[in-house]
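Single-structure report; data block below.
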Amino acid sequence: MEQNLSSYRIFYAVANTGNISKAAKELYISQPAISKSIQKLEENIGVKLFDRSSRGVTLTSEGELLYAHVKSAFETLTSGEEKLRRSIALGIGNLTIGVSSTLCKYILLPYLRDFIKKYPHINISIACHSTHQTLKLLEDGKLDIGLIGKPELFKNIDFYPLREIEDIFVASKDYLRNLKIRGVEKQYILQNSTLLLLDKENMTRQYIDNYFQNSQTIIQDIIEVSNMDLLIEMSKIGLGIGCAIRDFVQNELKIGSLVEIPLNLPIPKRFVGFAYKKDAKISKSLKHFIDFYEEYHL
């Protein structure tokens, strides 16, 4: 666009009022400045835009064509300004959260239920990824915040612990009964069972692998599962012994569809919480989210 916006603003005002004097009053500029701007616009475009008479000005056919586009442009700008003002007044914003499917279901969604009640006009997007992928996306600036298990090492990430979780091993009563029939002693159950574990990309799996190494537990058979919900269901039908987070199998333990396996060396508890990039620009939506979860868990 060769002309600046002010030239089209003047053209628009003159076309709407049909009078240079009225346009000058509307725009708070002098009549000579209006006339000079219209003349320059006509010279630059190479067409006559107005017919002038003692009663005012009227658009030429070329002026009508230009006016239709200028009118649409200014209406779009006005609409944008109104939406922006409404957005500011309502606190409308956008927030992208990275989280695993398991943590999303059991921790994030219950939390978001309360957050949305307070900030109903913030648009929330949820990207389900492993913790490693979430951390990478945070580093790349593609997420605002992530809900993750606390990593052992993190450099440019601020981590706010939400809650402590405990990993346990569970199985169906039938599965344990069959192990007993085969003569498997309690202290060697894990070594002589099929274990249902999350895949190696998952931080929970890596945490459990470290536990096996530290406790000198040698594992024989493993079935890798993509998410914990599936792992729990497979444990319930007797496919093996599953490693699950205690809070996520409370109901199954209560009704007896799963039984906890006693361990000689308990698995150390760990934290899950929100993480965001230290040097990231904190949007108003993210600030609301951070303030909310800090108050939420005081």
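Some notes on this structure:
- Region 1-59: GluC sites (Glu not before Pro) in DSSP loop, at most 14 other beta carbons within 10 Å: E2
- Working from Cα pairs under 8 Å separated by at least six residues, relative contact order for region 201-291 is 18 percent.
- Cα point-scatterer Debye curve for the chain, base-10 log of I(q)/I(0) at q = 0.07, 0.08, 0.09, 0.15 Å⁻¹: -0.50, -0.57, -0.63, -1.08
- Residue pairs exceeding 25 angstrom between C-alpha atoms, taken from K117/K150; K186/K269; K155/K281; K155/K269; K150/K200; K118/K281: K117/K150.
- Note on region 20-52 and region 235-254: Cα centroid distance 78 Å, given to the nearest whole angstrom.
- Within the chain, helix-based [θ] at 222 nm, where runs of 4 or more DSSP H residues each add -39,500 (n - 2.57), nearest 500: -14000 deg cm²/dmol
- Beta bridges from DSSP with both residues in the chain: antiparallel share about 55 percent, rounded to the nearest 5.
- Between the residues G240, N192, A280, the greatest Cα displacement towards the positive end of the dipole of region 186-290, with unit charges on the Cβ of Lys, Arg, Asp and Glu, is found for A280.
- DSSP H segments from the chain that extend 20 Å or more along their own axis, Cα-based, with Kyte-Doolittle mean of -1.0 or above: 31-45, 61-90
- Only one residue of S79, V225, G149 has its Cα farthest out toward the positive end of the dipole of the chain, where Lys and Arg carry +1 and Asp and Glu -1 on Cβ, and that residue is S79.
- Overall form of region 1-67 per C-alpha gyration tensor (a/c, 1.5; a/b vs b/c): oblate
Every number here is computed from the coordinates shown, using simple stated rules; none is lab data. Keep in mind that what you see is a predicted model, and the values were worked out from it rather than measured. Here Cβ is always computed from backbone atoms with ideal geometry, including for glycine, and neighbour counts include all displayed protein chains.
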